[in-house]
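The values are calculated or read from the model by the stated rules, or taken from the named source; none is laboratory data. Not measured: the values here are computed from a predicted model. Don't worry about glycine lacking a Cβ; one is built from the backbone with ideal geometry, like all the others, and counts go over all protein chains shown.
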């Protein structure tokens with residue numbers, strides 16, 4: 001798990017993907033959108049990070065298919081504790097999601113980085129207004 005310093009007033013995103021390139025890309029794009037990022041390779045690792053400090057997170061960005069636990073199960077676990085935390089699902093598979101309402105957005109790979117940045121920026125504005 002990679003941590004960035006979240007002592008600033010920047011919002012914090014939990015980024016979860018078993019693919020190193022996708023983790024790096026998503027965290028880089030979120031940094032452009034003004035997020036601090038905590039990056040995890042597995043959903044289990046991400047769930048532990050979330051449970052250790054749920055108040056630190058303003059957004060979760062997760063892959064769907066991962067070896068230990070899928071992104072949908074991760075979202076279910078997080079939503080049991082905080083149903084208002086926005087979760088974005090990014091997937092490169094045609095695997096169907098059983099409960100789309102867990103996610104504020106489902107993004108298919110490949111996706112437009114500019115649109116992703118603008119969308120995540122809008123979530124910052126929304127969460128700061130709440």
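Odds and ends about this structure:
- Candidates 18, 68 - the one that is assigned to a loop (DSSP other than H, G, I, E, B), modelled with pLDDT of 95 or more and under 17 Å from residue 89 (Cβ atoms): 18
- Count of residues meeting criterion [closer than 14 Å to residue 17 by Cβ and out of contact with any helix residue (DSSP H, G or I) (no Cβ under 7 Å at 6 or more places or on another chain)] in the range 51-69: 2
- From the list 99, 84, 77, the one residue that fits, being under 19 Å from residue 46 (Cβ atoms), more than 16 Å from the chain's Cα centre (by Cα) and at pLDDT 90 or above, is 99.
- Options 97, 39; residue that is part of a strand (DSSP E or B) and in contact with a helix residue (DSSP H, G or I) (Cβ under 9 Å, 6 or more places away or on another chain): 39
- Filter result for the condition that a residue is surrounded by fewer than 18 Cβ atoms within 10 Å (Cβ to Cβ), under 21 Å from residue 121 (Cα atoms) and in contact with a strand residue (DSSP E or B) (Cβ under 8 Å, 6 or more places away or on another chain), over 101, 31: 31
- Summed over the range 39-56, the residues that are touching a strand residue (DSSP E or B) at 6+ places or on another chain (Cβ under 6 Å) and surrounded by fewer than 22 Cβ atoms within 10 Å (Cβ to Cβ) give a count of 2.
- The residues of the range 46-69 that are within 13 Å of the chain's Cα centre (by Cα) and farther than 20 Å from residue 36 by Cα amount to a single one, 64.
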